[in-house]
Amino acid sequence: MLALRALFLAAATATAGHVCPYAYRSFSTTYCSNMSSTLCIVDGNCKVVQAWSAAGLAATGGYITDAATDLQEIPDIPVITFSGNGLKSIGDLSKMTNGSAISICRSMFIQYNPGVQLNKMVLPASLTTLGLPYNAISTLPPTIQWPTGLRTIVLENNTLTSYDHGPLVESIYLYNNSLSALVGYDFRATSLLWGFIWVSARSQSTSSNVNLNAIKTIRSIRFSPQLHTFYCYHCPLTEITLDAASFTALSTAKSVALGSAPVMVSICPEGDLREFTDISLNRISICVVATASTTTDGAGSTSTGALVGGVLGGLLLLFFLVLCYRRRWPPSVVGTAYFKPSNDTHASTASRDDDNARFDLSDLRLVRLDGSALVTLQLLASGAHGQVSLGTYHGERVAIKALLPTRSTAKDVLALVAETKLHARLESPYIVQFVGASWTRPNDLVCVIEYMDLGDLRQMLLREPRGAIAWDDKLEIALSVSEGLVYLHSLDIIHRDLKSRNVLLDSDKGVKLTDFGVSREASLDTMTAGVGTLRWVAPEVLHDGHYSTAADVYSFGIVLSELSSHELPYADLRSENGRPLAEAVIASRVVRGSITPTFAPDDPAWLRKLGYECLCHDPAMRPTAIQVSSMLRQVQRNV
């Protein structure tokens, strides 16, 4: 140990003799002065201003929000994320301090750093997933050498006008960019067993400054015969021209949505007009030509203006889910279920096939559980449409979400299917973990999630008197909730129903969010039923139904007020006759901006300040989730 420390000190002394190569605050591994540090931020004199140990990075999942201008080096850890750091440039990230190649890092996200330059970026050869969302990237530099093993690229919420010089990989996520045509893209090289493609573009509907142009033209695209799903929701399409093979691939795909209204192409001089009906029953006229005329941009596999909208490939995500479930559950639970039909004999084959076709449960087959190993023990909670029960799966405690016996309409089933599919996509330490799904027929579908042994935050606040919970613990709760929102918003998912009952706690697993991401039409029904969901709803949503990520931040502010009072929002307000205010009265006053939840004078200053910022009546003036998280982490460091 002494010899090793002496060697380290000698290296540090040698390094100190050189001129610092950094002009600004930079992430570095070479200039960390402490032997136990694996990553640090240094200033223009290479003086360490912030450092992380391997254990410290592991505790946060490699999630870093501290400010720096340059990203020059990274530690060799499996997953790392730089979020909202103010980065302006990225250097050579392919090597460690000793010169050897980064070999362990598989997933890297650099996000919420608008203006960051990529022209000098060198990526680790080990990467399989790269995320560059929310960076205002307008073009991809031709200088980037994409790792040969890269399988997923996430470029959502940028300002790309083309996909020139982009990697041709299995999964491409370009949702919310500034592309307007899908022309000349040869997608056959990505033909896989699970050819899952999601192309999506829509008109601007939030307060974001992203300049969106929806897809108008689809021409000369070559699809894989293994195409499973193709979505182009709300695209104002005026032209769709495909070669015969790609039209066949589209016709045999499991799920296709094209535009928000029928697309009737009247001119097709070089081919034949063929009619296609998508899952929304839109009748689409497609011009089918003999062969596609594909033009490339000279970059090899990518063509000019090639990929438009967002292409979300599920293969990598599904691959990781398979690995996760193979480790956690016996081999009989998963594996072949995705590749062959269920052997379920509880319903007739004809009826089951008809139901499955109607509700399309094929995306859930990979995570379908062994129903015989799933045991329901007792009811935990029920609402207007669903219920949650405690159960076991192969002896391990789980929570089982199901529809109420009286709520099994097609609309109810579709909502649960959508929520289950969404939950299966998510993986975060701040989101309740998805275990799997079980069904014999779609209307008895259950969503199985991890069990959280301390219940929800609302129960805890009712159970404990004000002052019984330390503010350090409340700060940790608030931080975990904000991190959950950061994760959801990075995937362009709006929670829509954030409230204390949807914040779950566990003695070992901490604080996690649940019940998120799907249309909450059912929740609006509860506004007149005294359930109180509207007490967490932002004024703009109550006024015109307009949801954005800012609405989640408002709801977060309401949760902060609950941490202050331990009471329901607005519980301290009374009518002229001394009775609690009716839900409709609360809603009208929230819309007008005449009431807001209150914070106690003895609350910490950070809580009152952040709470009122999140509850700002103007959604544009509220902080983002990443800003909330950064502020709370700063508070935590100063405590």
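No value in this document is a laboratory result; all are computed from the given coordinates. Quantities reported herein were computed from a predicted structural model and do not represent experimental measurements. Don't worry about glycine lacking a Cβ; one is built from the backbone with ideal geometry, like all the others, and counts go over all protein chains shown.
Quick notes on this one:
- Computed lengthening from residue 277 to residue 59, 0.36 nm per intervening residue step minus Cα-Cα distance: 73.5 nm
- Centroid-to-centroid separation of segment 386-427 and segment 359-378 [C-alpha atoms, Å]: 9
- Fraction of alpha-carbon pairs over 26 Å apart in segment 457-638 - percent: 25
- Hits among lysines - C-alpha to C-alpha of residue 47 under 17 Å, sequence gap 8 or more where chains match: none
- Annotation for residue 51 and residue 248: the two label points, set 7 Å from Cα along the Cα-Cβ direction, are 6.4 nm apart.
- Note on residue 464/residue 543: beta-carbon distance plugged into 1/(1 + (r/R0)^6) with R0 of 51 Å gives a FRET efficiency of 0.90.
- For the pair residue 104 and residue 23, a Förster radius of 22 Å applied to the C-beta separation gives a FRET efficiency near 0.15, rounded to the nearest 0.05.
- Pairs exceeding a 21 Å alpha-carbon distance, out of 216/421; 401/512; 88/609; 421/512; 474/509: 216/421; 88/609.
- For residue 411, the aspartates and glutamates whose Cα falls under 15 Å of its own Cα, not counting residues fewer than eight places away in the same chain, are 355, 360, 419, 444, 521, 525.
- Antiparallel content of DSSP bridges confined to segment 361-441, in %, to 5: 95
- For segment 576-639, the average shadow cast by the Cα convex hull is 6.0 nm², which is a quarter of the hull's surface.
- Rel. contact order, % - alpha carbon contacts under 8 angstrom, at least six apart, segment 540-639: 36
- Computed over the alpha-carbon atoms, segment 82-176 gives an Rg to Rh ratio of 0.94, Rh here being the Kirkwood radius from the mean inverse distance.
- Projected-area average for segment 93-138 over all orientations - Cα convex hull basis, square nanometres: 3.6
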